[in-house]
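What follows is a set of notes on a single structure, which appears directly below.
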Amino acid sequence: MTLNRLSLIAGAVAASMLLGGCGIYKKYETPTTTPLTAAYAEARKAPADSTLFGNLLWEQVFTDPLLADLINRALVNNVNLDNARLNVDIAHAQLKGARLAYLPSVALAPNGAGASYAGSDISWTYQIPAQVSWEIDIFGKLLNSKRGAAAAFAQSEAYARAVRSQIISAVANTYYGIAAVNTQLEISRSTAESWGRSVEVMKDLKLAGRVTEAAVVQMRANYYSVLASITDLEVSLDKLNNTMSLLLNEMPQNWNITATLDFEKPEIMRAAIPMAELAARPDVEAAEQQLASAYYATASARAAFYPGLSITANGGFTNLLGSFIKNPGDWFYQLAGSLTAPLFSRGRNIANLEASKARQKQAMNNFEYAILNASAEVSDALTVYEKSAEKERLLVEQVADLEKSVEYTEDLLRYSTGTYLEVLTAQQSLLSARISFVSSRLAQAQAFINLYQALGGGR
């Protein structure tokens, strides 16, 4: 049987079942069955806008030299990011394997033997055969496997980009967290020194008969309170330093970050979140590629219901042809085709198809949730960014007024009719306002960073 005849047979088989199996050849397309996915599909068609906040390079966003150096080190050394890159390599190797499945397999098995009967000379037989086997992909088994592997590869790439974005944001958040705690420590230590002097002032006023022992004890208690808060801040600072060390894959150390929170932050005021920015997020892309993989898995489950066609060719050089020995040897070849149909596995194939459909539905749900979650994260970051800026302006006024209040009450206590309770209240309020001001500035900085990540920045 010639190769042409086998091709005709394959074509006839394919044509006879084409109507029943055409669905298994369809390539995945972004679903438009809901308004959400339809808007996403439309946004994916639009060209990328390099001026959008989320599309800026991280070097354009984080310009502090020390922070930039730490981010670069994390991108080189971070273990999670390295594992994500290795997953890309694994997926790429699997994709290459799926593509090679289209090629024929070749096997070479040379052999020889010698035999002697009743003292006769040894008769040698030998074969140098080669076998070529080729599976004809009539119903898309190999095609869907390759497409599924391609989707898995794209998913791993998107996941790696998502991890990269997370690492950049985590380093920036930790960096400014360390800076904020260091600032709060400076405020608390300065306050402790001031309150230590106030204890001595209270002692003098007690000797002068201006205040009672209760005033001294209360002031000393406040002094110990701020000392205790310093220990809490030192613990927080140590944890943040350890977090930075983990991000950079280095041993725990003190990173000596003394940056201010006065970095340039753009005005970001939006009434709505463009879908184009959500569609650019790598985690959303990864969710869609997972859906594509599930789609092709379902197509493969459908293809299992249809027969498979294989062509096998054998050939080589031998002196053993039939029941006699020929010397010298000669060439031989054989060409065959086989058609296999799943006659007794229909029940198993139905179960596999049902499971694949369920997993595809799960992937669809996860895809839609990824879009909604991205929208919520952007909205949260925008709200915190805007409100923290508003809160910061209010706290500036509060701190200024409380500084005057402390000054006035201390003067009244020294020279007039003020009470120690007024002084204590003013001092405590001032410390609280100063700490809150730093926390508010940190919240604004981290909201800015989180917004950048939420829009897919750093990918």
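The values are calculated or read from the model by the stated rules, or taken from the named source; none is laboratory data. In this text the structure is predicted, and so the values were computed from the model without any measurement. Here the Cβ is made from the backbone with ideal geometry for all residues, glycine too, and neighbour counts use every protein chain on show.
Condition check ((1) loosely packed, with under 14 Cβ neighbours inside 10 Å; (2) modelled with pLDDT under 85) across all residues:
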residue: Leu8; (1), (2): yes, yes
residue: Gly11; (1), (2): yes, yes
residue: Gly23; (1), (2): yes, yes
residue: Pro35; (1), (2): yes, no
residue: Ala43; (1), (2): no, no
residue: Phe62; (1), (2): no, no
residue: Asn80; (1), (2): no, no
residue: Val88; (1), (2): no, no
residue: Leu100; (1), (2): yes, yes
Exercise for the section: Could you identify the single residue in Tyr223, Tyr176 that is in contact with a helix residue (DSSP H, G or I) (Cβ under 7 Å, 6 or more places away or on another chain), within 30 Å of Leu57 (Cβ to Cβ) and aromatic (Phe, Trp, Tyr)? Expected result: Tyr176
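Just one of Asp49, Asp121 is at pLDDT below 65, more than 20 Å from the chain's Cα centre (by Cα) and either surrounded by 12 or more Cβ atoms within 10 Å (Cβ to Cβ) or not in a strand (DSSP E or B) (or both); which is it?
Asp121
Can Thr33 be described as in a loop (DSSP other than H, G, I, E, B), within 20 Å of Trp255 (Cβ to Cβ) and polar (S, T, N, Q)?
Taking the combined requirement at face value, the residue does not satisfy it.
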Practice task
Scan the range 430-443 and give yes if some residue there is surrounded by fewer than 19 Cβ atoms within 10 Å (Cβ to Cβ), of a type in the set (S, T, N, Q) and at pLDDT below 85, otherwise no.
Solution key: yes
Exercise for the section: Among the candidates Tyr408, Tyr452, single out the residue that is part of a helix (DSSP H, G or I) and over 22 Å from Arg197 (Cα atoms). Expected result: Tyr452
Practice task
Just give me the residues in the range 25-37 being more than 24 Å from the chain's Cα centre (by Cα) and not aromatic (Phe, Trp, Tyr), in sequence order.
Solution key: Lys26, Lys27, Thr32, Thr33, Thr34, Pro35
Exercise for the section: Exactly one condition in (1) assigned to a helix (DSSP H, G or I); (2) among the β-branched types (Val, Ile, Thr); (3) at pLDDT below 90 is not met by Ile230; state its number. Expected result: (3)
Practice task
Output the residues belonging to the range 226-246 that are within 27 Å of Arg197 (Cβ to Cβ) and surrounded by 14 or more Cβ atoms within 10 Å (Cβ to Cβ).
Solution key: Val226, Leu227, Ser229, Ile230, Leu233, Ser236, Leu237
Practice task
Kindly indicate whether Ser194 is touching a helix residue (DSSP H, G or I) at 6+ places or on another chain (Cβ under 9 Å) and crowded, with 21+ Cβ neighbours inside 10 Å.
Solution key: no
